[in-house]
Amino acid sequence: KPEEVALTPEAPVVAPSAPPDPVMDVAAIVQQAHQKLSALKPRLGLVVLPDPAGSGHLLITDIVAEGMPDDPAHQLRAGDVIKEWCGVELRSVRAYDQLLATRNFGQDTQMVVLRQGKSLLVDIRVGAQVTEADEQALVN
């Protein structure tokens, strides 16, 4: 005859908890990382100067895409002239820097550039300037 076990109020039956959902854990980690990256200084990885040819716009003299997400500068080339970015005509490095400061990490934007006399519309994703201290904060 099987032994009967009586349940008493002192020993409640508790169902085992379900294991954590790995998809939810990854989503939470991605969201935390994005929040931390959003606080970083925005960056495009471009070196720009007033166009010496006198166009009144900005000449891209170098592409410094190191550390950039998806290397958004791949569509741009040294020698391109930036006419417009985010719908704003850029005529000075200061205007470029001010506009960049209003962008956010991961933001998709568009830039109009002149390349060999042709106007091109280029999709650009804003990156972030990551310092050593930022790297430590992102890890923790």
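If you stretched the chain out fully between residue 120 and residue 108, how much longer would it get, using 0.36 nm times the residue separation minus the C-alpha to C-alpha distance? Write out the running numbers ahead of the final one.
On the way: separation 12, 0.36 × 12 = 4.32 nm, distance 1.64 nm.
The span from residue 120 to residue 108 would gain 2.7 nm if fully extended.
Once backbone amide H atoms are built at 1.01 Å from N, residue 84 has 90, 112 as its partners under 5 Å, excluding neighbours fewer than 5 places away on the same chain. Heavy-atom accessible area for residue 51, with the other protein chains in place and a 1.4 Å probe, reaches approximately 30 Å². Largest accessible area first, the residues 115, 77, 94 order themselves as 94, 77, 115 under a 1.4 Å probe with ligands, DNA and RNA left out. Please list log₁₀ I(q)/I(0) at q = 0.15 Å⁻¹ for segment 47-126, using the Debye equation with identical point scatterers on the alpha-carbon positions. For segment 47-126 at q = 0.15 Å⁻¹, log10 I(q)/I(0) is -0.47.
Please list, by residue number, everything in segment 86-123 whose backbone N is under 13 Å from a paramagnetic label point 7 Å out along Cα→Cβ of residue 64. Within reach of a label on residue 64: no residues. For residue 56, the residues 5 or more places off, or on other chains, whose built amide H falls under 5 Å of its own are 51.
How do 100, 58, 114, 121 rank by accessible surface area computed with a 1.4 Å probe, from largest to smallest?
Working: 100 20, 58 0, 114 50, 121 110 Å².
The most accessible residue leads, giving 121, 114, 100, 58.
The values are calculated or read from the model by the stated rules, or taken from the named source; none is laboratory data. The structure presented is a predicted model; accordingly, all values stated were derived computationally and were not measured. Here Cβ is always computed from backbone atoms with ideal geometry, including for glycine, and neighbour counts include all displayed protein chains. Accessible surface is based on the protein model in full, side chains and every heavy atom, while ligands, DNA and RNA are left aside. Shrake-Rupley method; radii C 1.70, N 1.55, O 1.52, S 1.80 Å.
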